[in-house]
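Novice: Before I ask anything, here is the structure I am working with.
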Amino acid sequence: MEKFLTNCRIYTDPERLVHIGVEDGRIRDICQNLPPDAQILLDAGKQIVIPGLIDTHVHGAGGGDLSDGTEKGFHTAAETLCRLGTTSFYATTFYRPGGANRHLEVLAGTEARTREADCIGIHIEGPFINPKKKGGIPPEYIARPDPAVLHDIRKKCGEKPLMLTAAPELPGMEEILAECKKSAVTVSLGHSDADTAAARRGFEQGIGMVTHLGNAMRPFHHRDPGPLPAILGSGACVQLISDGVHLFADAVKFYYDILGAQRCTCITDGIECSGLPDGEYRFREKPYRSENGAVFYSDGSGLIGTSLSLYEIMLRYKRFTGCSLQDAVAAASTNPARCMGIDGRKGRISPGCDADLLLIGEDLKLQTVIKNGSLI
């Protein structure tokens, strides 16, 4: 039965008051005149409605680790993400060469429940990355480019959409990229020491995204510009951790200005303490501290992620860039949906799209989450 979210203002046209009809988890229609016998899902009270957010790079949340190989970890993370406004995500994890990697089968085979975010794909950070730029990725999760390894990854991930972060400069990557292109695996440049020429070749061979731009890659220098010129010319979507720590505010503004609003996608790179209070935790048996949204190893050995929600990351992106709410929502929902090829059903508020909706106040605080037409 169709139910209506009444008296709301869609973020792309906030001056107009509308009613959104939802049925069977999808948006059925958007109207200005409410049918006399309409069933009411919720009176929005003139709040702004935006599409649910999409995080293409998140490792866990709420104490749930997407790499621990348990359904409990998956459901804990998916429920927390949904509550925080992320209604769809790519489960980001690692692959251990020679290991059982059962966690990939768990991610591929576990379905989200009613109050949980949709796992729309699996993102493996690696294993074909450059050890020089491994960042927080342990050495045991790194492998030389090998078609047999790629075959095993694809087998364990089953029919789930797959994205790999990879370093195009590594010997053997040309064959890997050709196979990924043939089998519709998305490849994202990251954890790479590529110079401009190597990065450009990678994009020409099928790389379509960039993993956390500016982090774990060769920096720009006027006599050694690294991958940035190739990234600018590629047209690829780029992931930005716009938290003010992984990327300082001026860097976020710089990337937004040179790339344009349509190529930027906000990510959290969030780990299992996301959505939990600041404090001391353990990540793969190593102690770390979460403080003000940033997560550092306790021994001072490095920054390992964020504990921010994607909604908070989006608001910082808006503040750092000075962009409109529409551009900010694009970076956290519309753009990732388009980049991952699911914009026909997610990242937009249109009839036929999933009824994944967020209600926000004039102060831009998140008030209500609606997932597949159900109040969360």
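Novice: Using mean Cβ contacts within 10 Å as the protection proxy, how do 91-99, 247-255 order, highest first? Could the numbers behind the result be given before it?
Specialist: Details: 91-99: 19.8, 247-255: 17.6.
The peptides rank, most packed first, as 91-99, 247-255.
Novice: How much net charge surrounds residue 269 when only other residues with a Cβ under 11 Å from its Cβ are counted (Lys, Arg +1; Asp, Glu -1)?
Specialist: Working: positive: none; negative: 55, 125, 243.
Summing Lys and Arg as +1 and Asp and Glu as -1 gives -3.
Novice: What residue among 224, 152, 363 shows peak mean-square fluctuation when the chain is described by a Gaussian network model with Cα springs under 10 Å?
Specialist: 363
Novice: Check which residues have an amide H placed less than 5 Å from residue 367's amide H, if you skip close sequence neighbours.
Specialist: Excluding prolines and chain starts, which carry no amide H, the hits are 359, 360, 361.
Novice: Next question. Using θ = phi - 60° and the Karplus form 6.51 cos²θ - 1.76 cosθ + 1.60, what ³J(HN,Hα) does each residue of the range 251-262 get, whole Hz, x for Gly and Pro?
Specialist: The phi angles translate into 5, 4, 4, 4, 5, 4, 5, 8, 8, x, 5, 7 Hz.
Novice: Taking 7 Å along the Cα-to-C-beta vector as the label spot, tell me the residue 249-residue 71 distance in nanometres, rounded to one decimal.
Specialist: 4.6 nm
Novice: Using Cα pairs closer than 8 Å and at least 6 residues apart in sequence, work out the relative contact order for the chain, in percent.
Specialist: Numbers: 922 pairs, mean separation 71.7, N = 376.
For the chain, the relative contact order is 19 percent.
Novice: Another question about this same structure. Students often forget the sequence filter, so: which lysines lie under 19 Å Cα-Cα from residue 371 once same-chain residues fewer than 8 apart are removed?
Specialist: Straight-line reach from residue 371, under 19 Å: 3, 346.
Novice: Full extension from residue 301 to residue 289: what is 0.36 nm times the residue separation minus their Cα-Cα distance, to one decimal in nm?
Specialist: On the way: separation 12, 0.36 × 12 = 4.32 nm, distance 1.16 nm.
Once the chain is fully extended between residue 301 and residue 289, it gains 3.2 nm.
Novice: Something else: Note down the nm distance, to one decimal, between modelled labels 7 Å out along Cα→Cβ at residue 363 and at residue 319.
Specialist: 1.4 nm
Novice: Classify the range 53-339 as rounded, prolate or oblate from the Cα gyration tensor: take a ≥ b ≥ c as the square roots of its eigenvalues, call it rounded if a/c is under 1.5, otherwise prolate when a/b beats b/c and oblate if not. Each step should come with its number before you reach the end.
Specialist: Values: a/c = 1.36, a/b = 1.05, b/c = 1.29.
It comes out rounded by the Cα gyration axes.
Novice: Convert each backbone phi in the range 349-362 into a coupling constant with the Karplus relation 6.51 cos²θ - 1.76 cosθ + 1.60 (shift: θ = phi - 60°), then list the ³J(HN,Hα) values in order as whole Hz, x for Gly and Pro.
Specialist: Values, residue by residue: 10, 8, x, x, 7, 4, 7, 9, 9, 10, 9, 10, x, 4 Hz.
Novice: Which entries of 134/318; 318/365; 134/286 have Cα-Cα distances beyond 21 Å here? Before the final figure, lay out each step's value.
Specialist: On the way: 134/318 29 Å; 318/365 13 Å; 134/286 17 Å.
Listed pairs above 21 Å: 134/318.
Novice: For an R0 of 51 angstrom, estimate the FRET efficiency from the Cβ-Cβ distance between residue 182 and residue 39 and round to the nearest 0.05.
Specialist: Details: r = 48 Å, r/R0 = 0.94.
Efficiency, rounded to the nearest 0.05: 0.60.
Novice: Just to be sure I understand: with springs between alpha-carbon atoms less than 10 Å apart, which residue in 63, 305, 279 has the highest mean-square fluctuation in the Gaussian network model of the chain?
Specialist: Maximum fluctuation in the GNM of the chain, among the listed residues, is at 279.
Novice: Here's something else I'd like to know. Under a point spin-label approximation (7 Å from Cα along Cα-to-Cβ), what is the residue 280-residue 100 distance to one decimal in nm?
Specialist: 3.1 nm
Novice: When ranked by the protection proxy of mean other Cβ atoms within 10 Å per residue, highest first, what sequence do the peptides 27-34, 184-191 form?
Specialist: Working: 27-34: 14.4, 184-191: 23.2.
Going by the mean number of other Cβ atoms within 10 Å, highest first, we get 184-191, 27-34.
Novice: In the chain, what cysteines have no partner Cβ closer than 4.7 Å?
Specialist: 8, 31, 82, 119, 157, 180, 264, 266, 273, 323, 353
Novice: Suppose we keep just the DSSP beta bridges with both residues in the chain; what percent of those would be antiparallel, to 5? Mind showing how you got there, number by number?
Specialist: Working: 34 of 68 bridges.
Around 50 percent antiparallel, to the nearest 5.
Novice: What full-extension length gain, to one decimal in nm, is calculated for residue 30 and residue 345 as 0.36 nm per residue of separation minus the Cα-Cα distance? Each step should come with its number before you reach the end.
Specialist: On the way: separation 315, 0.36 × 315 = 113.40 nm, distance 1.54 nm.
Length gained between residue 30 and residue 345: 111.9 nm.
Novice: I'd like the Karplus ³J(HN,Hα) series for the range 149-158: coefficients 6.51, -1.76, 1.60, θ = phi - 60°, whole numbers in Hz, and an x wherever there's a Gly or Pro.
Specialist: Rounded to whole hertz, the list is 5, 4, 4, 5, 4, 4, 5, 6, 7, x.
Novice: Mind checking the dipole of the chain: about its Cα centre, +1 per Lys or Arg Cβ, -1 per Asp or Glu Cβ, Debye to the nearest 20?
Specialist: Details: 41 positive and 47 negative charges, 83 e Å.
Magnitude of the dipole: close to 400 debye.
Novice: With springs only between Cα atoms under 10 Å apart, run a GNM on the chain and tell me which of 240, 177, 81 wobbles the most.
Specialist: Evaluated over the chain, the most mobile residue of the options is 177.
Read-outs throughout are calculated quantities, based only on the coordinates presented, and are distinct from any laboratory measurement. Note that the coordinates shown come from a computational prediction; the quantities given were computed from them, not determined experimentally. Here the Cβ is made from the backbone with ideal geometry for all residues, glycine too, and neighbour counts use every protein chain on show.
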